[in-house]
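So the structure is just underneath, and the comments pick up after that.
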Amino acid sequence: MSIDKSEVLKIARLARLSIDEQDIPDYSDELSNILSLVERMNSVSSEGISPISHPLDLSARLRADKVTEKNQREKFQQNAPLTDDGCYLVPKVIE
Amino acid sequence: MHQSTLAELSSALESKQISSEELTRLYIDRSKQFNHALNCFITINEDEALAQAKQADKQRAENKHSSLTGIPVAQKDIFCTNGIKTSCGSKMLDNFIAPYDATVIEKMNAAGFVNLGKTNMDEFAMGSSNETSFYGPVKNPWNTEHVPGGSSGGSASAVAARLCPAATGTDTGGSIRQPASLCGITGLKPTYGRVSRYGMIAFASSLDQGGPMTHTAEDAALMMNVIAGFDERDSTSAEQAVDDYTEKLNDSIEGLKIGLPKEYFGEGLDGSIAKIIEEGVKELEKLGATCKEVELPNTELSIPAYYVVAPAECSSNLSRFDGVRFGYRCEDPTDLSDLYSRSRGEGFGEEVKRRIMIGTYVLSAGYYDAYYLKAQQIRHLIRDDFQNAFKEVDVIAGPTATGTAFKLNEMINDPISMYLSDIYTVSVNLAGLPAISVPAGFVNQLPVGMQLIGNYFEESRLLNIAHQYQMNTDWHKQIPKEFQ
């Protein structure tokens with residue numbers, strides 16, 4: 001299975017990654033190589049094997065529905081690129 | 001003094017042979033002296049470390065200290081450290097000052113450790129050579145033309161060069177054990193869930209685990225006593241009771257059953273590495289252990305399964321880096337989509353982008369079953385392989401890495417070869433088991449590590465075996481010439 005130019009562009013769009021036109025052939029090759037490696041999984045039948053997402057079969061822990069975090073917006077926004085009045089500023093989304 | 005272990009430093013501080021401030025200055029001076037050559041540190045935390053050291057000396061004077069108070073250690077730059085730059089080896093976080101401490105950091109501070117600084121690493125923990133860091137490659141102190149391994153290359157190199165007595169690392173596919181092997185130090189990956197991941201920047205959430213990188217198993221046990229344990233802020237944290245990891249170090253290993261997987265010692269394994277591992281196992285047999293062959297039939301499949309699961313999880317975890325709330329933002333974004341794409345495209349390095357893209361692909365509509373689901377099934381098979389082996393043996397032994405440290409730039413342009421070199425480590429992460437790498441010899445003056453894999457939550461047993469091995473060998477005491 002190989003990943004061609006249009007597939008590379010589609011993946012890049014899904015992942016919100018800008019890529020240069022000139023790099024597309026390299027990405028196409030590299031991703032195709034990785035897929036070939038990954039396709040070795042098909043050498044074994046996994047019929048009837050249940051997939052596991054976690055090695056130890058733990059399930060999500062629940063907690064009481066109580067507020068435990070304190071508001072530290074000012075502190076956290078010290079790392080923000082652009083803010084105003086507690087809001088994060090981005091280019092206009094809705095015309 | 002800079003050659004000392006944590007245990008020795010604890011005694012030296014207690015007997016007032018040296019103060020924490022003197023010790024901290026010693027390591028800071030060494031770090032500053034050698035960082036140009038090795039590039040182990042992204043941030044050397046000089047002022048704060050000295051302040052912490054003075055505070056530690058005060059506590060010792062007032063007898064309000066614990067045994068580890070005042071010992072300087074280094075922290076992998078993947079752990080959030082309050083008020084200190086936390087970059088994860090990436091341009092994306094080059095401007096990020098963590099606003100809180102990771103649980104591991106909190107615990108180490110509470111135990112009295114002094115934070116020497118943040119060590120260099122492969123970007124977002126993705127790599128096996130520490131060549132993908134935005135801050136440049138780390139060098140191996142045994143031969144600076146060679147890599148230290150990755151992704152915890154900075155920590156491994158710093159400990160090996162005696163720039164610090166110990167450091168933290170993280171391990172998703174071998175990133176503690178492989179650099180430990182390539183740099184001739186001891187590195188332990190705990191059972192999944194044993195050490196809290198709160199504040200540890202996530203790469204692959206079902207695989208990541210933080211752990212100690214030290215000169216000795218005893219030191220690793222001392223660090224585990226500090227960092228292991230349940231944390232309600234980590235939803236995957238194990239509620240299993242925590243051992244005193246030093247308690248069983250001196251137990252005899254008479255009767256220990258060691259398994260040697262047939263698949264680990266096949267034709268592909270370099271003869272000189274195989275010989276070292278065989279000698280390592282013989283040492284354990286001299287101490288009363290027995291060994292037998294076991295089978296881990298799905299070993300080969302661990303690489304493809306890992307290179308589906310890890311990129312998939314990374315593509316999800318790294319979606320938070322969008323230039324909006326923190327981290328790198330591109331200049332003059334034209335619209336929101338451009339802001340996202342260019343912040344990410346410009347902020348991430350090549351390997352990270354490759355993995356995000358593979359992860360995105362395997363999770364996308366139409367491909368999920370063929371790749372991700374299949375990988376999760378393989379994961380089940382791999383877990384079962386280990387459980388079957390553990391019915392016959394207590395621990396599994398083998399090489400940690402396929403070779404010694406390769407040269408800088410030798411493998412970075414061949415990602416597939418780099419991935420294949422992880423064959424001894426990734427299945428352990430997929431299964432969530434604990435494993436340790438200990439120095440076991442040298443080939444061409446470069447270190448070789450032996451890996452021991454245990455069953456869930458058997459870190460005490462692994463540390464015991466490693467400690468007994470280290471009481472009867474001196475590979476772990478070797479120091480690269482220029483750093484003695």
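Okay, here's what the table says:
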| item | result |
| --- | --- |
| Sequence of B:Asp394, A:Asp20 once ranked by neighbouring C-beta atoms within 10 Å, starting from the fewest | A:Asp20, B:Asp394 |
| Cα centre as origin, Lys/Arg/Asp/Glu Cβ charges: the protein assembly as shown dipole, Debye | 940 debye |
| Debye intensity ratio I(q)/I(0), log10, chain B, q values 0.05, 0.06, 0.07, 0.08 Å⁻¹ (C-alpha model) | -0.16, -0.24, -0.32, -0.43 |
| Cut-off under 5 Å, modelled amide H: who pairs with B:Val294 long-range | B:Leu260, B:Lys262 |
| C-alpha center-to-center spacing [region A:4-62, region A:80-95] in angstrom | 33 Å |
| Cα lying deepest toward the dipole's positive end in chain B, options B:Ser129, B:Ala98, B:Met223, charges on Cβ | B:Ala98 |
| Table column - 3J(HN,Hα) (Hz), region B:317-330, Karplus curve with 6.51, -1.76, 1.60, x for Gly and Pro | 5, 8, 6, 6, 8, 10, x, 8, 9, 6, x, 5, 10, 5 |
| Under Karplus coefficients 6.51, -1.76 and 1.60, residue-wise ³J(HN,Hα) of region B:389-401 in Hz, glycine/proline x | 5, 6, 6, 9, 9, 8, 9, 10, 10, x, x, 8, 10 |
| Out-of-range pairs (alpha-carbon distance over 27 Å; input B:Lys64/B:Lys189; B:Lys32/B:Lys481; B:Lys54/B:Lys85; B:Lys64/B:Lys85) | B:Lys64/B:Lys189; B:Lys64/B:Lys85 |
| Relative contact order (percent, whole number), chain B, Cα cutoff 8 Å, 6+ residue spacing | 18 percent |
| Region B:109-183-region B:422-484 distance, computed between alpha-carbon centres (Å) | 15 Å |
| Under 5 Å, built H, 5+ apart or other chain: amide partners of B:Gly169 | B:Gly211, B:Met213 |
| J(HN,Hα) series, region B:436-442, from Karplus relation 6.51 cos²θ - 1.76 cosθ + 1.60, nearest Hz, glycine and proline x | 10, 10, 10, x, 10, x, 9 |
| Sequence-distant residues sharing a close amide H with B:Gly441 (under 5 Å, placed H) | B:Val448 |
| log₁₀ of I(q)/I(0) at q = 0.17, 0.19, 0.23 Å⁻¹ - region B:27-128, Debye sum with one point per alpha carbon | -0.78, -0.94, -1.23 |
| Burial ordering of B:His467, B:His215, B:His65, fewest other beta-carbon atoms within 10 Å first | B:His65, B:His467, B:His215 |
| Simple Cβ-charge dipole of chain B, Lys/Arg +1 and Asp/Glu -1, about Cα centre, in debye nearest 20 | 480 debye |
| Surface/4 estimate of mean projected area, convex hull on alpha-carbon atoms of the protein assembly as shown, nm² | 27.0 nm² |
| Residues B:Tyr328, B:Tyr27, sorted so that the one with the fewest Cβ neighbours within 10 Å comes first | B:Tyr328, B:Tyr27 |
| Under 19 Å from B:Lys353, Cα to Cα: lysines that are on another chain or at least 8 residues apart | A:Lys5, A:Lys10, B:Lys91 |
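Bear in mind these aren't lab numbers, they're just calculated from the coordinates by the rules spelled out. Predicted model, so just to flag it, every value in this text is computed and none were measured. Using ideal geometry, Cβ is built from the backbone for each residue, glycine included, and neighbour counts are taken over all protein chains shown.
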